[in-house]
Amino acid sequence: MKIVGVGLNKTGTKTLGESLKILGYNRVSLNDVAFNLWRRGNIDELMKIASVYNAFEDWPWPLLFREFDKHYPGSKFILTIRKDPETWYKSLCNHAIRTGPTEYRKAVYGEYMPQESKEKHIKFYESYNQGIRDYFHGRSQDYLEVCWETGD
């Protein structure tokens with residue numbers, strides 16, 4: 001069984017990853033090799049990397065929930081969210097200021113830095129989360145949504 005964190009960055013993915021590590025899961029977080037395979041659409045190689053771990057969070061893993069669901073039946077999926085989209089966006093902007101432009105942001109959100117396109121980013125966040133909810137609708141045995149800020 002695989003446990004896949006499907007929340008976007010800046011939603012508490014690191015907290016999820018550390019929790020899974022404490023619970024004894026062999027986890028992988030941000031992975032440059034895997035991210036570049038995702039960018040090239042090389043799903044078979046990504047699933048080979050995934051075969052040696054049982055927990056996943058951060059790029060590119062949240063973007064592969066459909067592939068995990070197909071390749072690893074019985075996997076569990078955890079959507080981490082922030083208390084509201086504004087809080088997520090503010091955290092994303094603060095992170096971008098600390099780290100500078102990144103290829104991850106460009107590939108996922110379409111821009112290196114989020115500061116000039118608040119509406120676009122918030123719409124992406126809301127649409128992405130709703131897409132996850134829709135995909136796992138009626139599958140409560142496979143899906144959990146958590147917000148650390150509200151006490152989950």
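The values are calculated or read from the model by the stated rules, or taken from the named source; none is laboratory data. Just so it is clear, the model here is predicted, and its values are computed rather than measured. Positions of Cβ are generated from backbone atoms using ideal geometry, with glycine treated the same way; all protein chains shown enter the neighbour counts. In case anyone asks, the SASA skips ligands and DNA or RNA and just uses the protein heavy atoms, side chains included. Shrake-Rupley method; radii C 1.70, N 1.55, O 1.52, S 1.80 Å.
Before moving on, here are some points about what is shown:
- Helix 85-99 and the longest principal axis of the C-alpha atoms of the chain enclose an angle of approximately 80°.
- Values [x] 40, 35, 29; [y] 101, 32, 20; [z] 55, 40, 30 are given for comparison; Cα extents along the principal axes in Å, derived from the coordinates here, is the one labelled [x].
- Close amide H contacts of Leu79 (hydrogens built in the peptide plane, cut-off under 5 Å, sequence separation of 5 or more or a different chain): Val6, Leu144, Glu145, Val146.
- For Asp152, the solvent-accessible surface with a 1.4 Å probe is about 100 Å², rounded to the nearest 10.
- Sequence of Met47, Met113 when ordered by accessible area, the most exposed leading, probe 1.4 angstrom: Met113, Met47
- Of the GluC sites (Glu not before Pro) in the range 74-148, those whose Cβ has at most 16 other Cβ within 10 Å and which sit in DSSP loop: Glu111, Glu116
- Rounded to the nearest 20, the Cβ-based charge dipole of the chain about its Cα centre (Lys and Arg +1, Asp and Glu -1) stands at 140 debye.
- Of Lys14/Lys90; Lys48/Lys123; Lys48/Lys118; Lys2/Lys90, pairs whose Cα-Cα distance is over 27 Å: Lys48/Lys123; Lys48/Lys118; Lys2/Lys90
- Accessible surface comparison of Asp44, Asp84, probe 1.4 Å, protein chains only, largest first: the order is Asp44, Asp84.
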